[in-house]
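> Got a structure here, written out as structure tokens. Questions coming.
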Amino acid sequence: MCKDIVRSPEICAKLTFPVSLKQPGPRDGVIQCFIKRDKSKLTYRLYLCLSCAVLDENGKFLLAAKRSQRTTCTDYAISMDSKSFSRSSTGYIGKLRSNFLGTKFIIYDTLPPFNAGGLCSQERAPSRRFSSRKVSPKVPVGSYPIGQVNYELNVLGTRGPRRMQCTMHSIPESAVEPGGVVPGQPKELLPRLFDESFRSTATCFSKYTIADSSTDLSTCGYSECGGGNPQGGDDADKERPLVLHNKAPRWHEQLQCWCLNFRGRVTVASVKNFQLVASVPPPASAGAWAPGVQTQPQASGPSSSSSHDTVILQFGKVARDMFTMDYRYPLSAFQAFAICLTSFDTKLACE
């Protein structure tokens, strides 16, 4: 009864049920959150702001992530339980994986997106370390690459902020247009019954399983993990993923630094601070669309220009280990949190 009464965050601009963490944010506003970093435990916790003060540490816990350093990559396990990050936990909802340099990241979700048939599962076969009797029926199965974050290499070593590009394979490009929608929004956070999930997972592994390694990050474009490069005019436009890029700051002569207008939500200068806006798609006469290439802004109408100038996600520092995160439609709290986690890694090749 409550699920029928309480509306989604897109309409009510509130996070109510756990499934709200994977539903898009509001269209006409933002959901204000903050992240606490614990360097000693390598954990990051996401909280919902309960007041307008940026340094108010009283908030509602939403998600947590734990950093695990491996030989060739870095993993961030994301969970709804701040003390349990195991994949066998019912709170586990996804992960973030980076390459060795920390310049390429892939976001994995346990729930299949609307175009799950075209996404390749980059997970290894089920481990033999766990007996089938020890696995809970509510354990999330499957791992779908729903997004990719790339940081541009600063080869010349020029001064300035990082340049990043986010490709959201689970969100169509038309979602940021007036009247655009995000298809396949989840109705519940836990997967289906165990027997149904097991059969679907077995089929998925037999078709899409490949080795899970950091080398896949450099070649995993939309053509491989996002349904391929679609053919055809209108169908191609519908299948294009949403591409976000960081808003270019301006150089302040008096302060001698790069500045962005965070509207009072960021108080400490940091290379980690960023604002993401939607990239303007190329005109139809520009030819075939190339996956993984950031498009340059083109002249367009007033409505299209305003929709692509709107800040969809902003992240910035307010204290030594405290950061603010504000997001809106079409990103969800889980997707926004995963994107912000990419900014915490040290990137010597990008600065």
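> Just a yes or no: is a residue in region 18-36 free of Cβ contacts under 8 Å to residues at least 60 places away in the same chain and open to solvent by less than 80 Å² (accessible area, probe 1.4 Å)?
no
> It is to be established whether one or more residues within region 94-110 are in contact with a Phe, Trp or Tyr (Cβ under 8 Å, 6 or more places away or on another chain), aromatic (F, W, Y) and open to solvent by 60 Å² or more (accessible area, probe 1.4 Å).
No, the conditions are met nowhere in region 94-110.
> What single numbered condition from (1) open to solvent by less than 60 Å² (accessible area, probe 1.4 Å); (2) over 21 Å from Q275 (Cα atoms); (3) within 18 Å of the chain's Cα centre (by Cα) fails to hold for Y44?
Here Y44 meets the rest and fails (2).
> Quick check on region 313-321. Is at least one of its residues open to solvent by 30 Å² or more (accessible area, probe 1.4 Å), modelled with pLDDT under 85 and out of contact with any strand residue (DSSP E or B) (no Cβ under 7 Å at 6 or more places or on another chain)?
no
> From the set of residues in region 236-256 that are more than 26 Å from G29 (Cβ to Cβ) and surrounded by 12 or more Cβ atoms within 10 Å (Cβ to Cβ), which is nearest to the chain's Cα centre (by Cα)?
Once the filter is applied, the top-ranked residue is R240.
> Assess whether P302 counts as being within 26 Å of Y144 (Cα to Cα) and at pLDDT below 85.
The answer is no for P302.
> Out of the strands (runs of 3 or more DSSP E) lying entirely within region 1-111, which hold 1 or more residues that are acidic (D, E)?
Ranges flagged: 31-38, 74-79, 104-109.
> For region 47-72, enumerate the residues that are of a type in the set (A, V, I, L, M, F, W, C) and open to solvent by less than 40 Å² (accessible area, probe 1.4 Å).
Across region 47-72, the qualifying residues are L48, C49, V54, L62, L63, A64, A65.
> Further, regarding this structure: For the structure I just gave you, tell me whether G226 is crowded, with 17+ Cβ neighbours inside 10 Å and either closer than 16 Å to Y144 by Cβ or at pLDDT 75 or above (or both).
Answer is yes for this residue.
The values are calculated or read from the model by the stated rules, or taken from the named source; none is laboratory data. Since this is a predicted model, take the numbers as computed values, not measurements. Note: ideal-geometry Cβ built from the backbone for every residue, glycine included; neighbour counts use all protein chains shown. These accessible areas exclude ligands, DNA and RNA; they are computed on the full protein's heavy atoms, side chains included. Shrake-Rupley method; radii C 1.70, N 1.55, O 1.52, S 1.80 Å.
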